[in-house]
Amino acid sequence: MIKFFRKIRQRLLTENKLSKYLLYAIGEIVLVVIGILIALQVNNWNEKRKLQNESKDILGSIHSEFKNNRNILKERIDYLEEANSSARFVLSLTNKKEAELQKFNLDSIISQSLKYGNYNPANSTIQELISSGKLNLIKSEELKEDLFNWLQLLEDTDEDFKNQDLQAITMLEVYLTENISFQNTIKYSDFSHLAEGESKLFDKKYEAIFNDLKFENLYHGKYFWNAVMLEHYKELDSLASKIIIQTKQKGND
Amino acid sequence: MIKFFRKIRQNLLSEGKTGKYLKYAIGEIILVVIGILIAVSINNWNEARKDKNTEQKVLKTLRSDFKSNITQLQDNIDETEIMVSDISQLFKLFRMTQSELSLIPIDSIKTDIKGYATFNPSDGALTSLLLSGELNIINNDSLKNKLTNWPNLVNDAKEDENLLVENITKDLWKQQLGYQSYIKNPKFKLNRLAMFDDLILQNTFYDIFRGADYQIYLYKELQKEIEEILNLIDEEIRL
């Protein structure tokens, strides 16, 4: 092949004819094209290497982000389970007489039972992957799906948190505002540093509210939403642990 | 130059030495590869330089946005702290009996909450950065993460802020209607002291008290986060 071209070129050049020289030039162009293709190959290989490194980094940040998310989630679960056992205790005391009720520190139990909170994990790595269109750097389809599921589950959880919040703020707490003293309960809450004395306006008699159907129903609602939220949190927890396992790499544990 | 190369080629070809010609061809290919790689690197370097310039501009806008946010938060903290201390003064009155209360010049005491603070961050630069997906222009990964997460933190704080505002505007103001005369109309005989015997009103004040205290905590957390962001930005900005 080369010999063939060489012969043509040789002949063309010795005869010194411009039109024939063009044929030689084509041969030269072929060489340049080969050169360009090789250069592209080198460049592609280099880009690929960079992307591989980047996707390794991404897996690493997802791994550490979810470990952190899971720790916070565990705290949330413990916090809510504790509050819920107080709510259960309040429910067990309904319809009891004053003498029976006085055996317990109801200010503290009610205050404990009202605790709940939102779960807002950091999703900066996923959000950034989506907004920058780099989600394709994650090769595992399963992991990609789990990450989308995570966001979906969080949305569901947030919706029910709004319900839980609404029940607490617009129903239970409104009832309690009219029937107990927050000055007395605050010292058992997360805001104990604001506590000062006891209210002169509350006689510390609880029989009336513990025998009120409305009170029982409101506490049952509280208990119900706590259970719903715990269910969501546990679902999130198992998904997070799955994601943590999938993103585990050598040397990042 | 071209003439020179052509002569070399001519020589090689006319002498009919395939081996030498092959060497020449490979040499030429290598030269082309090197040339292209150099061109690509120059292009990359130029792009990187342009990105770096844009990054610097973006960082400077972000810095001034966050600086104004930190001042706004400080104003909010100051205002909310005044609210907390006003309410805590009121609680002293709630603890007194009516006969003790009658000895106090009640008109000298603030018995309601007129204003409240809300946090409205200046985040134009950040929003456009996040929406356009150009966040990658920022090199520092921990800064990038913090910036992505910032709107979430603000939303959390705003949620609690809304609750506090609702407590004030919906519950407190409604409950105080019977005790206060905001335009000091002498036609109405008000028993302002009676408000300190109202359990529901006291509980409402406790809700606001607690909410305001938590709001101060949230504002301070946001300030801390901004300080960390500002430190990261300062590290990235060339002097």
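The values are calculated or read from the model by the stated rules, or taken from the named source; none is laboratory data. Quick caveat, the model's predicted, so the values are computed rather than measured. Glycine also receives a Cβ, built like all others from the backbone with ideal geometry; neighbour counts cover every protein chain displayed.
So which of B:ASN44, B:ASN53 ends up being out of contact with any strand residue (DSSP E or B) (no Cβ under 7 Å at 6 or more places or on another chain), more than 21 Å from B:ASN155 (Cβ to Cβ), part of a helix (DSSP H, G or I) and within 14 Å of chain A (Cβ to nearest Cβ)? It would help to see each step written out before you state the result.
Values: B:ASN53 fails: within 14 Å of chain A (Cβ to nearest Cβ).
Checking each option against the conditions leaves just B:ASN44.
Identify, by number, the condition in (1) exposed (fewer than 15 other Cβ atoms within 10 Å of the Cβ); (2) modelled with pLDDT of 80 or more; (3) under 30 Å from A:GLY197 (Cα atoms) that B:ILE30 doesn't meet.
Going through (1) exposed (fewer than 15 other Cβ atoms within 10 Å of the Cβ); (2) modelled with pLDDT of 80 or more; (3) under 30 Å from A:GLY197 (Cα atoms) one by one, B:ILE30 breaks only (3).
Yes or no, residue by residue, for (1) touching a strand residue (DSSP E or B) at 6+ places or on another chain (Cβ under 7 Å); (2) part of a helix (DSSP H, G or I); (3) at pLDDT below 95:
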{"site": "A:GLY60", "(1), (2), (3)": "no, yes, yes"}
{"site": "A:ARG70", "(1), (2), (3)": "no, yes, no"}
{"site": "A:ALA87", "(1), (2), (3)": "no, yes, no"}
{"site": "A:LEU91", "(1), (2), (3)": "no, yes, no"}
{"site": "A:ASN95", "(1), (2), (3)": "no, no, yes"}
{"site": "A:ALA99", "(1), (2), (3)": "no, yes, yes"}
{"site": "A:ILE109", "(1), (2), (3)": "no, yes, no"}
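How many of the residues in region B:105-124 are modelled with pLDDT under 90 and among the hydrophobic types (A, V, I, L, M, F, W, C)?
The qualifying residues number 3.
Among the residues of region B:58-66, is any more than 14 Å from chain A (Cβ to nearest Cβ), farther than 22 Å from A:ALA25 by Cβ and not in a helix (DSSP H, G or I)?
Looking through region B:58-66, none of the residues is more than 14 Å from chain A (Cβ to nearest Cβ), farther than 22 Å from A:ALA25 by Cβ and not in a helix (DSSP H, G or I).
Exactly one condition in (1) over 23 Å from the mean Cα position of the chain (by Cα); (2) more than 14 Å from chain A (Cβ to nearest Cβ) is false for B:GLY35; which is it?
(2)
Of everything in region A:205-244, what is over 30 Å from A:ASP146 (Cα atoms) and charged (D, E, K, R)? Give them in sequence order.
Listed by number, the residues that qualify are A:LYS205, A:GLU207, A:ASP212, A:LYS214, A:GLU216, A:LYS222.
Looking at A:GLU155, A:GLU198, A:GLU159 in this structure, which one is among the acidic types (Asp, Glu) and assigned to a loop (DSSP other than H, G, I, E, B)?
A:GLU198 is the lone residue from the list that is among the acidic types (Asp, Glu) and assigned to a loop (DSSP other than H, G, I, E, B).
Scan region A:121-133 residue by residue and report those that are within 8 Å of chain B (Cβ to nearest Cβ) and touching a residue at least 60 places away in the same chain (Cβ under 8 Å).
A:THR125
Across region A:187-208, what is the number of residues that are at the interface with chain B (Cβ under 10 Å from one of its Cβ atoms), buried (at least 17 other Cβ atoms within 10 Å of the Cβ) and farther than 23 Å from A:PHE224 by Cα?
Selection size over region A:187-208: 5.
Is region B:111-128 home to any residue that is within 14 Å of chain A (Cβ to nearest Cβ), out of contact with any strand residue (DSSP E or B) (no Cβ under 8 Å at 6 or more places or on another chain), under 28 Å from A:ILE126 (Cβ atoms) and among the hydroxyl-bearing types (Ser, Thr, Tyr)?
Looking through region B:111-128, at least one residue is within 14 Å of chain A (Cβ to nearest Cβ), out of contact with any strand residue (DSSP E or B) (no Cβ under 8 Å at 6 or more places or on another chain), under 28 Å from A:ILE126 (Cβ atoms) and among the hydroxyl-bearing types (Ser, Thr, Tyr).
Within region B:76-114, can you find the residues that are part of a helix (DSSP H, G or I), exposed (fewer than 13 other Cβ atoms within 10 Å of the Cβ) and in contact (Cβ under 8 Å) with a residue 12 or more places away in the chain?
Selection gives B:GLN89, B:GLN98.
Select, from A:ASN184, A:ASN211, A:ASN179, the only residue that is more than 11 Å from chain B (Cβ to nearest Cβ) and surrounded by 15 or more Cβ atoms within 10 Å (Cβ to Cβ).
Just one listed residue meets the conditions, A:ASN211.
Among the numbered conditions (1) touching a residue at least 40 places away in the same chain (Cβ under 8 Å); (2) in a helix (DSSP H, G or I); (3) away from chain A (no Cβ under 14 Å), tell me where B:ARG238 comes up short.
(2)
I'd like the full set of residues that are of a type in the set (Gly, Ala, Ser) and either crowded, with 19+ Cβ neighbours inside 10 Å or under 20 Å from the mean Cα position of the chain (by Cα) (or both), limited to region B:164-195.
none
From A:TYR175, A:TYR223, A:TYR233, which residue is of a type in the set (Ser, Thr, Tyr), assigned to a helix (DSSP H, G or I) and within 21 Å of B:LYS174 (Cβ to Cβ)?
A:TYR175
Report whether or not B:LEU90 is within 12 Å of chain A (Cβ to nearest Cβ) and either closer than 27 Å to A:MET171 by Cα or under 23 Å from the mean Cα position of the chain (by Cα) (or both).
yes
Determine if region B:178-201 includes at least one residue that is modelled with pLDDT of 95 or more, away from every other protein chain (no Cβ under 11 Å) and either outside any loop (DSSP other than H, G, I, E, B) or closer than 30 Å to A:LEU154 by Cα (or both).
No, every residue in region B:178-201 fails to be modelled with pLDDT of 95 or more, away from every other protein chain (no Cβ under 11 Å) and either outside any loop (DSSP other than H, G, I, E, B) or closer than 30 Å to A:LEU154 by Cα (or both).
Would region B:103-110 turn up any residue that is over 30 Å from A:LEU166 (Cβ atoms) and in contact with an Asp or Glu (Cβ under 7 Å, 6 or more places away or on another chain)? Lay out the reasoning, then the answer.
Quick first cut of region B:103-110, residues over 30 Å from A:LEU166 (Cβ atoms) only: B:103-110.
From the residues that got through so far, the ones that are in contact with an Asp or Glu (Cβ under 7 Å, 6 or more places away or on another chain) too are B:110.
Yes, the conditions are met somewhere in region B:103-110.
Mind listing whichever residues of region B:134-163 are closer than 16 Å to B:GLU235 by Cα and surrounded by 15 or more Cβ atoms within 10 Å (Cβ to Cβ)?
B:ILE137, B:ILE138, B:ASN140, B:LEU143, B:LYS144, B:ASN145, B:LYS146, B:LEU147
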